[in-house]
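What follows is a short report on a single structure.
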Amino acid sequence: MLLSEVFLPEFVIDDLQAEDKEEVFEEMVDRFCRVSKLDVRTDVLAALREREAKMSTGIQNGIAIPHGKTTAIKDVFGVLGLSKKGICYDSLDGKPVYLVLMLLAPPVEAERHLHLLQRMANLLRTPDFYKDVVGAGDARQIHEILKNYEDAEALADG
């Protein structure tokens with residue numbers, strides 16, 4: 001499964017308004033519930049908070065990858081958010097977060113969940129990806145950038 005199949009354009013927020021970690025979770029989960037038409041807000045927020053309690057998912061260089069597993073959903077979903085002003089996230093490097101990739105999965109999809117986290121880690125090691133996403137104009141353009149980088153990575157691997 002490709003990241004561009006999980007982080008669909010309708011699940012991309014190109015101007016997050018959240019100022020802190022809790023607000024970003026709520027804003028992104030609200031978008032997920034509205035677009036997916038699933039009434040699972042409480043369960044998804046609990047899964048994200050449970051994972052976050054173990055260690056911050058604000059990794060470094062302005063990027064956070066909150067993720068969680070819950071039986072409230074039946075498939076893997078992603079929500080990508082971009083903040084223009086930065087989010088106080090308690091990141092490992094202590095800096096604000098601008099790019100948030102939220103991954104949600106049911107427990108039975110643990111292997112696919114891990115595979116997608118690995119794909120994200122590989123993609124985020126490409127400095128131009130972050131720069132291009134932060135410079136994007138809207139949700140469709142962000143999705144297209146994601147797809148193009150994945151296609152380039154597949155060509156390099158294959």
*Only residues that are under 22 Å from CYS33 (Cα atoms) and assigned to a strand (DSSP E or B): list them for region 76-92, please.*
PHE77, GLY78, VAL79, LEU80, GLY81, LEU82, SER83, ILE87
*How about region 96-116: which of its residues are in a helix (DSSP H, G or I) and surrounded by 15 or more Cβ atoms within 10 Å (Cβ to Cβ)?*
GLU109, ARG112, HIS113, LEU116
*Among the candidates GLY68, GLY62, GLY78, GLY58, which residue alone is among the small types (Gly, Ala, Ser) and touching a Pro at 6+ places or on another chain (Cβ under 7 Å)?*
GLY62
*For residues in region 32-56 being in contact with a helix residue (DSSP H, G or I) (Cβ under 7 Å, 6 or more places away or on another chain) and either touching a residue at least 40 places away in the same chain (Cβ under 8 Å) or in a loop (DSSP other than H, G, I, E, B) (or both), which is surrounded by the fewest Cβ atoms within 10 Å (Cβ to Cβ)?*
ASP39
_Among residues of region 1-31, those that are closer than 21 Å to PRO107 by Cα, touching a residue at least 12 places away in the same chain (Cβ under 8 Å) and surrounded by fewer than 15 Cβ atoms within 10 Å (Cβ to Cβ), counted_ = 2
*asked:* With under 23 Å from ALA139 (Cα atoms) and at pLDDT 95 or above as the only criterion, which of GLU26, GLU52 stands out?
replied: GLU26
*Could you figure out which of (1) outside any strand (DSSP E or B); (2) modelled with pLDDT of 95 or more; (3) over 17 Å from PHE32 (Cα atoms) isn't true of THR71?*
(3)
*Would you tally the residues in region 117-137 being within 23 Å of GLU10 (Cα to Cα) and assigned to a loop (DSSP other than H, G, I, E, B)?*
3
*Would you check which residues across region 51-78 are of a type in the set (Val, Ile, Thr) and within 8 Å of LEU104 (Cβ to Cβ) and list them?*
THR70, ILE73, VAL76
_For region 7-23, give me the residue count where each residue is under 14 Å from LEU103 (Cβ atoms) and either assigned to a strand (DSSP E or B) or among the β-branched types (Val, Ile, Thr) (or both)._
1
_Which count do you get for residues in region 57-75 that are aliphatic (A, V, I, L, M), surrounded by 17 or more Cβ atoms within 10 Å (Cβ to Cβ) and farther than 13 Å from LEU101 by Cα?_
1
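The values are calculated or read from the model by the stated rules, or taken from the named source; none is laboratory data. Just so it is clear, the structure is predicted and the values come from calculations on it, not from any experiment. As a convention, Cβ positions derive from the backbone with ideal geometry for all residues, glycine included, and neighbour counts pool all protein chains shown.
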